[in-house]
Structures are given as C-alpha cells and as structure tokens.
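*Asks:* Quick one: this structure, given as structure tokens, is what I'll be asking you about.
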Amino acid sequence: MTTSALLLTVGFAGAVMLGVPFAFAIGIVVTLALVLANIEPAFLAQQIVAGSQSFSLLAIPLFMLAGELMTAGGLSQRLIDVASVLVRHRTGGLAMVAVLAGLVFSSISGSAPATTAAIGTILIPAMANAGYDKAFAAAIAVSAGVLGPLIPPSIAFVIWGTIAEQSISRLFLSGIVPGLAIAFGLLIVCYVHAKRHGVPKQPRAPWLEVRAAFANGKWALLSPLVVLGGIYGGIFTPTEAAGISCVYAVIIGMLVERKLTFGTLPEIALRAVRTSAIVTSIVAVSTGFGVLVAQEHIATGFAGWLAAHVHEKWIALAGLNIAFFLLAAVMDEIAIMVILGPMLIAIGSRFGVDPIHLGAIIVTNVSIGMAAPPIGYCLFIGMAISGLSLAKISRAIWPQIIVMLIVLFLTTYIPSFALIFQPK
C-alpha cells in the first residue's frame, strides 16, 4: 500500500477518532495526500466546486427546508391529528399515532432528523402523560424518524443516486416496501409494549372528530400525492419536487393554516441551512477523496481481495451489513455512504448485485444507523426533546432495532422485497 493510500485510510480513521469533524478530516488527509503525490493542492478546491454542483444535490437543502416549513406551518400537527383519530383507541394507540404520523411526514421531508423532531415534539410529552414510559416514547419517536430515509422522497437516496450514478426515481421505489415493513414492525412493538405495561387505551374518536381531522388535514395529506405524483407522472424531477414542496408548504402555511409569516421565514430557512450544510459539506469535500481513492485503486483492490477470498455472495453481503452496522454506531451515516461509496459499488459489481438493490441495502443500513446507539442523529433529537440520557433511550430502543435488522435481512437476501415496484 502506498503512502497516499495509508494516509487516505489510516490517516482519515485516526483524524475521526481524534474528534476532527468529518468534512475537515477529509479535507486534511486529501490535502496531505496531494502534497505527497506532488499534485497541485488547488485540485481539492476544484473538486469541492465540482462535487457541490450536481443538480440532484440541490434536493437536499430544499427537502430540509420543506420539512421545516411544514412543521412551522402546522402541517405536521394536522398529520398527527389524522393518525390519532384512526388508531388512538387501540392498545398502544398513541404510540401507533407516532409511527403513522412519521410514515406520512417522511413522504414530505425525506429526512430522519426532521421527521423525529416534527412528531417527537408533540407526541413524546403526550405519550408520557398518557402512561407510556418516557424512554419508550422517545425511542418510538426516534424509530419512526428512521422511516424518513426509506419512504420516498428520500435525501439518503438522492445522495446514493448521485454517488452511484443511478436513477433516483427508481431508488425511491426500492425504499417503499422496506419502509412499510419497518412501520408495520413498529406497530407490533407498540402493541406489545402497551399490553405488557398495561397502558390505558385512549377514547375512540367520535365521527364528528374524525370528519373534522380529515377536513383540516386534507392539505397535509395532499402534499405527498402532489410530490410523488409529479415525480412518477413525469411532470418534474425529484429535485424540482423538493422545490415544489417548499412552495406548497409556504402557500398552505400562510394562506390556509396562517401560522407562517414573512417575518418567520428567515429563521426557518436558517435552520434548514444549518442542517443541510452538514450533509452537503461532507458530500462536496468527499469528491476529491473519491478521486484519490480511485487513483490508488483502494476500492477495486479491496473488492478484488474480497472476491478472491469470499466465494459466496450471501457471505459478502452479510459482511457488508455487519461492517456497516458497526461503522454506523460510531460514524456519521452520510459520511459512510460518501466515503465508502466507490468500495461498496465495486463490491456490488464483483458479486453481481443489482445497483438499485444495492442502494436499497445501503439506505436501509443508513436508516438503522440514524437510530443506533451511540451516535445516531435521531437519538440526540430524542434526547433533546425528552430530556432523557442517551443510555435510557438506548436501552428502550433495542426492540425497534431488532425489527429494523429483520427488515434489513429481508431486503438483503430477497431482492424482490425491495425491487417489487421497479418498472419492467
């Protein structure tokens, strides 16, 4: 292994372990590798510009902004109200409300943190007051947020589609069944928890309340249909759909719900910028990293070694999932996708894995990582809302993690599980 290759692998790992932010760690090791290889360091600046100019990546800040606008504009509350009148009277009903609301909100925001924040702020206190263990309430809100990267439209699929140069619309379709399967599994967890702990049922919603909830929530429910119908109807691209979502959220928030004003828009936009800047900075600076990894043949070399020593496809996929799960416990999930993308693509190619199927496997892994202790993004949002420690939420979330791992197994070893909605 060359000095540059060692720097890109061992050096980067060391920088991350020392606590250097991912974007800075990548920039430092790439700059040092360029100096060692006698390549003009301006190459990194060129790659950062090139890496941030993809039209598809514009969907990331736009979907982040759409999620913020819909939360501030009251649409997330409308979704919760609709879910509540449908299932709150069942055993575990209020927890099920969190799952169903997360499922629908995911189809608007495309983001796990945004989904967790939108439903957790309202439902974690409500569940605690209704007799649920507060740690479980936080854990179910975090788990519902995990649906964000899987249910289309999805920021994670946008990033992977850009890295792997695959159809983002087809990747969106590959997340539907895994996302719905996780949601179904979480509903079972809600039922079992409430039954075991004797959580009292909520009163059934009278017909007038059901009718009012659907009447008031019609604009929130229409949003996913507008976005997804436009994408798959060929009216606009996923990136344009993100822009449409923002316009839709502003119009409804200002003219219908009347909770948005021109004065609140700058603050909302700033929150979206702060969140999306973390993701896009990693993606941009990783472009140079990826070029050097390709130049040093690190990805193809590892894939070749794996193919020479592992002859069974199922073993290679199992190893990939185990490695991804362990990395996601200590490393940013988006960074893993971007940095290891070339290697993952090379491994998939070596073992004949369909590129769209590989994307479903990777993004399902990413989704689990959002909730997996100790550094899943959604865990920290759940901590901030509930005021509980990481340890308490982590102990409560393992049944949900097991559900997600079962779905990951099905996604990995039954390709049709993820590819059933693919166009022929």
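*Asks:* Quick one: what pairs do we get from segment 114-140, first residue outside any helix (DSSP H, G or I), second surrounded by fewer than 18 Cβ atoms within 10 Å (Cβ to Cβ), C-beta under 6 Å, 6+ apart or different chains?
*Replies:* Listed by first residue and then by second, the contacts come to 131/200.
*Asks:* Here's another thing I want to ask about it. Among the residues in segment 203-220, are any under 22 Å from the mean Cα position of the chain (by Cα) and part of a helix (DSSP H, G or I)?
*Replies:* Looking for residues that are under 22 Å from the mean Cα position of the chain (by Cα) and part of a helix (DSSP H, G or I), one finds at least one in segment 203-220, hence yes.
*Asks:* Given the condition buried (at least 23 other Cβ atoms within 10 Å of the Cβ), within 24 Å of residue 271 (Cα to Cα), touching a residue at least 24 places away in the same chain (Cβ under 8 Å) and out of contact with any Phe, Trp or Tyr (no Cβ under 9 Å at 6 or more places or on another chain), answer yes or no: does some residue in segment 74-91 qualify?
*Replies:* No, there is no match, as no residue in segment 74-91 is buried (at least 23 other Cβ atoms within 10 Å of the Cβ), within 24 Å of residue 271 (Cα to Cα), touching a residue at least 24 places away in the same chain (Cβ under 8 Å) and out of contact with any Phe, Trp or Tyr (no Cβ under 9 Å at 6 or more places or on another chain).
*Asks:* Here is a follow-up. Kindly indicate the residue of segment 353-369 that is among the hydrophobic types (A, V, I, L, M, F, W, C) and closer than 13 Å to residue 406 by Cα and also surrounded by the most Cβ atoms within 10 Å (Cβ to Cβ) among those meeting that condition. Steps first, please.
*Replies:* At the first step, the residues of segment 353-369 found to be among the hydrophobic types (A, V, I, L, M, F, W, C) are 353, 356, 358, 360-363, 366, 368.
When the remaining residues are screened for being closer than 13 Å to residue 406 by Cα, the result is 361, 368.
Working: 361: 25, 368: 27.
Looking at the filtered set, the residue picked out is 368.
*Asks:* Note down all Cβ pairs under 8 Å where the first residue falls in segment 36-56 and is farther than 14 Å from residue 26 by Cα, the second is at pLDDT 70 or above and surrounded by fewer than 15 Cβ atoms within 10 Å (Cβ to Cβ), and they're at least six residues apart or on different chains.
*Replies:* If the second residue must be at pLDDT 70 or above and surrounded by fewer than 15 Cβ atoms within 10 Å (Cβ to Cβ), the pairs left are 36/3.
The values are calculated or read from the model by the stated rules, or taken from the named source; none is laboratory data. Source: prediction; values computed, not measured. Note that we place each Cβ from the backbone using ideal geometry, even for glycine, and neighbour counts take in every protein chain shown.
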